[in-house]
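Bear in mind these aren't lab numbers, they're just calculated from the coordinates by the rules spelled out. Keep in mind that this is a model prediction, so the values were computed, not measured. Positions of Cβ are backbone-derived with ideal geometry, glycine not excepted, and every protein chain shown enters the neighbour counts.
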């Protein structure tokens with residue numbers, strides 16, 4: 001079951017990680033139950049819209065929405081794990097910059113400019129996505145495996 005506001009109390013500037021079926025959606029908590037995150041440029045909102053965007057969109061819009069409307073039935077957690085590597089910027093700076101970006105249309109690429117990149121850039125000043133880096137690694141390993149298998153089949157013949 002997904003946590004409720006009474007289970008976890010995000011603080012201003014906390015990163016929120018929302019578990020989806022095949023990826024994690026990231027946002028920044030800006031107070032009063034709201035988050036700032038990347039969303040599809042259409043008026044469609046909610047959990048399924050973010051999933052669709054990750055596959056087909058080349059643009060995204062920064063939106064401020066209630067955490068619960070974005071989370072839906074999915075599980076979520078506060079995830080400031082990169083605090084061990086990077087110094088978080090002051091919460092008021094994170095929130096001010098996040099809110100100032102609301103309505104901005106940005107280029108979107110699942111590997112280089114996704115919701116996790118934005119969230120980490122706002123919190124740490126570093127646009128980084130661990131899940132994109134891991135996905136690229138998996139993609140390269142799949143290509144390498146295919147090449148090795150293909151070469152192996154040529155040698156066996």
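Quick look at the numbers
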quantity: Value of relative contact order over segment 15-129, rounded to a whole percent, pairs C-alpha under 8 Å and six or more apart; calculated: 32 percent
quantity: Sorted by Cβ density within 10 Å, fewest first, the residues 109, 115; calculated: 109, 115
quantity: Sorted by Cβ density within 10 Å, fewest first, the residues 12, 122; calculated: 12, 122
quantity: At q = 0.18, 0.21 Å⁻¹, base-10 log of I(q)/I(0) for segment 15-129 (Debye sum, equal scatterers on each alpha carbon); calculated: -0.84, -1.19
quantity: Shape category assigned to segment 66-122 from the gyration tensor of Cα positions, a/c cut at 1.5; calculated: rounded
